[in-house]
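Trainee: Mind looking over this structure? Questions follow.
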Amino acid sequence: MENVTYLLAGFADALTGMTPLYCLIGVVAGMVVGVLPGLGPTAGTALLLPMTYGMSTMDAIVMLAGIYYGAMYGGTITSVLINTPGEAASVVTCLDGYPMAKQGRAGAALGVAAIGSFIGGIVSMIGLIFLGPLVASQALKFGPPEMFCLMLVGLTLVISLLGKSLLKGMIVAFLGLALSLIGIAPAGGTIRYAFGSDNLMGGIDFISIAMGAFGLTEIFGNLESDLSVKTELPKVKGLFPEKEERRVVAGAIARGSVLGFLLGLVPGTNSTIPAVISYSMEKKLSKHPEKFGEGAIEGVAGPETANNSYCGGALVPLFTLGLPTSPSMAVLLGAFIMHGVTPGPRLFEDHGPLVWAVIASMFVGNVFLVILNLPLARMWAQITRVPSRILVPIITIVALFGVYGLNNSMFDVVCMIIFGILAYFLKKADFPLAPLLLTFILGGEIEFSLVQSMTMFRGDFTQFFARPICIVLMVIIVATLIVGSLTAKKRIEKFGGEEAEV
């Protein structure tokens, strides 16, 4: 009950003066950042950090936090409407959100995403209030070996995204892993696959691949049709799931809320990982897994809930231990320090009013998100009614400037174009694109944590089996592989050669 009293006092502070306005500004700015390709929570928060110099500590942190979780939803809008993820976590939303939009259900997709984001955010805030210090102490047990095993769990779950052909899916997945190896090796500093190019020494930027594989591929597809024809979206029937979908959506939101919060506690993760795992989980639990990729509403609800719930979970180790679990959290940590506040075990004791006001402002910010998105979902849906001859150049310009602005590099733009062309032909040949991006994300993290682990173990791989958390994660990996094999076998038995063809 003591925590509830502190929270109520936090609401009193968060709802007085200019603080609510700064919260609203942060949420709106975050949505804009999320919508614009090439930006995301980390870049948006970092770019707007200098604006907070003259602000009070409370207003500055409230606004920056609003940018962070606002950007999580902003990326959903373009993912659903034009198949262009505004930030990395929204890649998964494209898989079913965009097909729903093409079926005339953009409103339902955006509505479910908004509701799931709100519930996930509220659940994670409740977890932060009541379970934070206890669970954060357990998260410290995740060293490099545990992170390696956790990343392997994510990699095995990618199997569910391999599409109809296992061979084609594996080819694309290994291509993503190979691309993640480009650049300087985490051990020894060896330069790999740079071919003498200084631009490749730092590796290929994820945004270039994501924008090429999803944004430009869609543009190239539009160029096959008559651009003078106005794109008509079937009338949006509503912002809420249909009656028979509500139980499925409720389950996906519940699971996504818990999953996102728990993964937010783990150092080294990012919002993409809970989104990927949530999508895979929903597909495995679904009675109709074949609908995923064709417009399954739980394929939007689960990942969107998970990546927003992740935000609150990630604040637990930041507030209680001073430990940033992601680049976005590192930027927020810098904002705290810049304003004379050092997160850590004494944060609640030394700066209690500030912390509780920030937590309360996140409840307020999530309400703002729902107000901004549920009633306005129909307005967002109108974007798809713009004629292709207007929409295609706009998307192209936004993509080019977004990718160029990331590092002020034409090399990133060239990479985006190359991967756009490559992904276009892969898509035409019925290769799934999701494994390429997801294994690229996980590949670098797997290698880095493996190198750290083997350094700790002095090359003795068997030490993984001496760590209880690693053993539990390995059991999950084996179970996932077995379930995946049985599912593939059932598909082959049901559909025969058509489903199994390579």
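The values are calculated or read from the model by the stated rules, or taken from the named source; none is laboratory data. Note that the coordinates shown come from a computational prediction; the quantities given were computed from them, not determined experimentally. Methodologically, a virtual Cβ is constructed for each residue, glycine included, from the backbone with ideal geometry; neighbour enumeration extends over all protein chains shown. Side chains are part of the model used for accessible areas, which takes the heavy atoms of the whole protein and leaves out ligands, DNA and RNA. Shrake-Rupley method; radii C 1.70, N 1.55, O 1.52, S 1.80 Å.
Trainee: Anything in the stretch 106-142 that is open to solvent by 10 Å² or more (accessible area, probe 1.4 Å), at pLDDT 80 or above and not aliphatic (A, V, I, L, M)? List them, or say none.
Mentor: Answer for the stretch 106-142, where residues must be open to solvent by 10 Å² or more (accessible area, probe 1.4 Å), at pLDDT 80 or above and not aliphatic (A, V, I, L, M): just Phe118.
Trainee: Among the numbered conditions (1) over 21 Å from His351 (Cα atoms); (2) modelled with pLDDT under 80; (3) open to solvent by 20 Å² or more (accessible area, probe 1.4 Å), tell me where Leu321 comes up short.
Mentor: (1)
Trainee: Hey, another quick one. Every residue in the stretch 433-481 that is of a type in the set (Phe, Trp, Tyr), assigned to a helix (DSSP H, G or I) and either over 21 Å from Ala275 (Cα atoms) or open to solvent by less than 20 Å² (accessible area, probe 1.4 Å) (or both), please.
Mentor: Phe448, Phe461, Phe464, Phe465
Trainee: A further question follows. Please name all residue pairs, on different chains or six or more residues apart, with Cβ atoms under 9 Å, provided the first residue is in the stretch 98-120 and is within 15 Å of Ala296 (Cβ to Cβ) and the second residue is among the basic types (Lys, Arg) and outside any helix (DSSP H, G or I).
Mentor: Qualifying pairs under 9 Å: Pro99/Arg105; Arg105/Lys237; Ala108/Lys237.
Trainee: Surrounded by fewer than 24 Cβ atoms within 10 Å (Cβ to Cβ), at pLDDT 80 or above and outside any loop (DSSP other than H, G, I, E, B), is that true of Ala275?
Mentor: No.
Trainee: Would you be able to say whether some residue in the stretch 368-383 is aromatic (Phe, Trp, Tyr), touching a Gly at 6+ places or on another chain (Cβ under 9 Å), part of a helix (DSSP H, G or I) and at pLDDT below 80?
Mentor: Yes, the stretch 368-383 contains a residue that is aromatic (Phe, Trp, Tyr), touching a Gly at 6+ places or on another chain (Cβ under 9 Å), part of a helix (DSSP H, G or I) and at pLDDT below 80.
Trainee: Just checking, which of Glu146, Glu232 is outside any loop (DSSP other than H, G, I, E, B) and either modelled with pLDDT under 70 or among the acidic types (Asp, Glu) (or both)?
Mentor: Glu146
Trainee: How many residues, within the stretch 8-36, are open to solvent by 70 Å² or more (accessible area, probe 1.4 Å), of a type in the set (A, V, I, L, M, F, W, C) and farther than 13 Å from Ala71 by Cα?
Mentor: The total comes to 4.
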